[in-house]
Ligand code: C2E
Ligand code: MG
Ligand code: MG
């Protein structure tokens, strides 16, 4: 076979491997390309078979091709993968029969080419193609940014088909929502780092906007010159709108969709900055719906919610778009207005006009289903010009003004004044002092005697005093109300009770004092506590005092605030022997019918009536009526604040049972008592 010089030359020089075998599969020809491909020399291969060269399984496969040639006597081409010792090679082979001079089949030939490299390339291309058609939008431009290729996902995201954008600049997707500086920066990064990543809003072919996350890489040649830019993008509009909703909820009230307190605080902080620059006044208004609680209680929360939504809408219409209307809490709304001018009086006038407009908007009844309800509003207002003011302080000021407005009755408007501020600070200081005072044992009880008609001492009232280190001895008028508001009355009241019970126990050990009763004032917050009765009884027991010597003083307003609860607790207390007195009687405006339901032992006629005796006929009549009614109900009647002999005589003549006042005794410390 290798005799023809022409054939020999070709076989020696072609880059394809050429191999010939006899019918037994022994190699007859193995050209230099075959040597290079297999890594074996012709001399070691010739005369041997594939079984000598390849693993058995592979040799068998090759033998099957030879069998096919002997059977079909035809040339065919095949792509086969052979392990050639240095790894797998993909070969493109043409195989066929060899015939001798007589036309008899004499062997087989193979012409093979190693296509491993191009196969790999093809693979990569295929992978690249799959990637390119993924869910991620892709765009390839030339060095000048002219689009060369886009994929299907790009079309889905942008709405532009390949033929509509290839040859053009991606600028056509711009929404105009990113400022020019955004793109300048993007190109600067691409030039300097070859990469840019970010989020932007683009415009879909149909005009709608979408959020995309975009990643651009520069593809450079070996010398570093940019060949292409490849952009990959995903549509994150959904993600964005979900997070925008979350963001929205963080700063808005879900019911009315108005800004909430946090957002109001933000805006207020901005306003303070802006106003200190502009020198203009702004105002913060707090508006509380009068009687809303009633609406809620009587018509239900769902109804109340709808009233709030309508109220919000009306107020929104009453102010300018640049003003902030926020839901401050429950039925309290806040309005922040700026640009009220540079003069405080002008600003105040304009703010008051806004308040009037807001209130006017709320005047019409709210219609929900077939019902109509009215609720006016009380408005507190504070002005600011940004100088050295703080958000928290402003909100407190507006709140204080609003409480003041509420106190003036429904529909009130109240400006925050410096005097209120002074009061506020004093109250804050007092509160802090008071907390410390309890721990520092600065509180003491004083005792004021109570006497019967014959002038015998029958008992005493315990009256709280604060030995203030700076201000001296303070009467409860200076601090009891604040203690009630801050909740400090609970531990303080408990302390009073313990102290009083200890006193009773001490008196019981002395014949001179053993029969005295002791009256203790109870505040509403203390009384409303669910455990009040148990606490009292436990305290009495712990001190070893006699419950029948203890009398609790409650006021009309406390008693009637929740009549059922009051009656139940008083019954339980009286069942254990604890007495109950109604303090300051006649100062409230409660109906006698209600009072008749209270299980009481004693009524205390308030000092204000006693004061006007005996000259004032009205007071004399009231006292007479109280005595008649009290006695009719089987109660003891005591007069407090008796200062003069004339008062004493008059009261005694009317049948008053007992007396308390400076005429007999002032409140004094235990030792003196
Ligand atoms: P209250 O219970 O009506 O106590 C009577 C007040 O009248 C006492 O004032 C007493 O000092 C005063 N007073 C008695 N006789 C006369 C008099 O002849 N002339 C004048 N001008 N005043 C007289 P105080 O001690 O300042 O107590 C004021 C109020 O503070 C009490 O009124 C009571 O409501 C409350 N309070 C006192 N101690 C306590 C307490 O331990 N707990 C609670 N929750 N409240 C208390
Ligand atoms: Mg009292
Ligand atoms: Mg009283």
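The values are calculated or read from the model by the stated rules, or taken from the named source; none is laboratory data. Keep in mind that this is a model prediction, so the values were computed, not measured. Neighbour counts are summed over all protein chains in view; Cβ atoms, including those assigned to glycine, are modelled from backbone coordinates with ideal geometry.
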Study note, to complete from the structure: Checked 7, 19, 45, 14 against criteria (over 23 Å from residue 90 (Cβ atoms) and surrounded by 13 or more Cβ atoms within 10 Å (Cβ to Cβ)); the one match is 7
Exercise for review: Kindly list the number of the only condition in (1) modelled with pLDDT under 95; (2) away from ligand 3 (no atom under 16 Å from the Cβ) that fails for residue 480.
Suggested key: (2)
Review point. Which of the residues spanning the stretch 541-561 are in a helix (DSSP H, G or I), buried (at least 16 other Cβ atoms within 10 Å of the Cβ) and away from ligand 2 (no atom under 12 Å from the Cβ)?
Key: 543, 547, 549, 556, 559, 560
Exercise for review: Answer with yes or no whether residue 464 is more than 16 Å from ligand 3 (Cβ to nearest atom), touching a helix residue (DSSP H, G or I) at 6+ places or on another chain (Cβ under 6 Å) and at pLDDT 95 or above.
Suggested key: no
Revision key, fill the gap. Residue hits (the stretch 215-237; under 19 Å from residue 155 (Cβ atoms) and assigned to a loop (DSSP other than H, G, I, E, B)) are 236
Check your understanding: How many residues does the stretch 87-134 contain that are in contact with a helix residue (DSSP H, G or I) (Cβ under 6 Å, 6 or more places away or on another chain), more than 22 Å from residue 28 (Cβ to Cβ) and modelled with pLDDT of 75 or more?
Key -> 2
**Study point:** Tally, over the stretch 547-564, of residues that are in contact with a helix residue (DSSP H, G or I) (Cβ under 9 Å, 6 or more places away or on another chain), away from ligand 1 (no atom under 16 Å from the Cβ) and modelled with pLDDT of 95 or more
**Key:** 2
Exercise for review: May I ask you to list the residues in the stretch 641-673 that are without any contact (Cβ under 8 Å) to a residue 40 or more places away in the chain, under 57 Å from the mean Cα position of the chain (by Cα) and within 16 Å of ligand 2 (Cβ to nearest atom)?
Suggested key: 641
Review point. Residue 630 fails exactly one of the following numbered conditions: (1) over 17 Å from residue 584 (Cα atoms); (2) more than 16 Å from ligand 1 (Cβ to nearest atom). What is the number of that condition?
Key: (1)
Review point. Taking the stretch 562-586, which residues are within 16 Å of ligand 3 (Cβ to nearest atom) and either closer than 23 Å to residue 514 by Cβ or in a helix (DSSP H, G or I) (or both)?
Key: 579, 580, 581
Check your understanding: Which helices (runs of 4 or more DSSP H) does the stretch 250-369 wholly contain that include 3 or more residues that are surrounded by 20 or more Cβ atoms within 10 Å (Cβ to Cβ)?
Key -> 261-278, 301-318, 344-363
Revision key, fill the gap. Note: among 546, 601, just one is within 25 Å of residue 449 (Cα to Cα), assigned by TED's automatic domain parsing to the domain that holds residue 462, touching a strand residue (DSSP E or B) at 6+ places or on another chain (Cβ under 8 Å) and in contact (Cβ under 8 Å) with a residue 12 or more places away in the chain, namely 601
Point to revise | Residue that is surrounded by the fewest Cβ atoms within 10 Å (Cβ to Cβ), among those in the stretch 587-608 that are within 16 Å of ligand 3 (Cβ to nearest atom) and at pLDDT below 90 | key: 587
Point to revise | Odd one out for residue 408 among (1) touching a strand residue (DSSP E or B) at 6+ places or on another chain (Cβ under 7 Å); (2) away from ligand 1 (no atom under 16 Å from the Cβ); (3) at pLDDT 90 or above | key: (3)
Revision key, fill the gap. Note on residue 202: of the conditions (1) modelled with pLDDT of 90 or more; (2) surrounded by fewer than 16 Cβ atoms within 10 Å (Cβ to Cβ), unmet is (2)
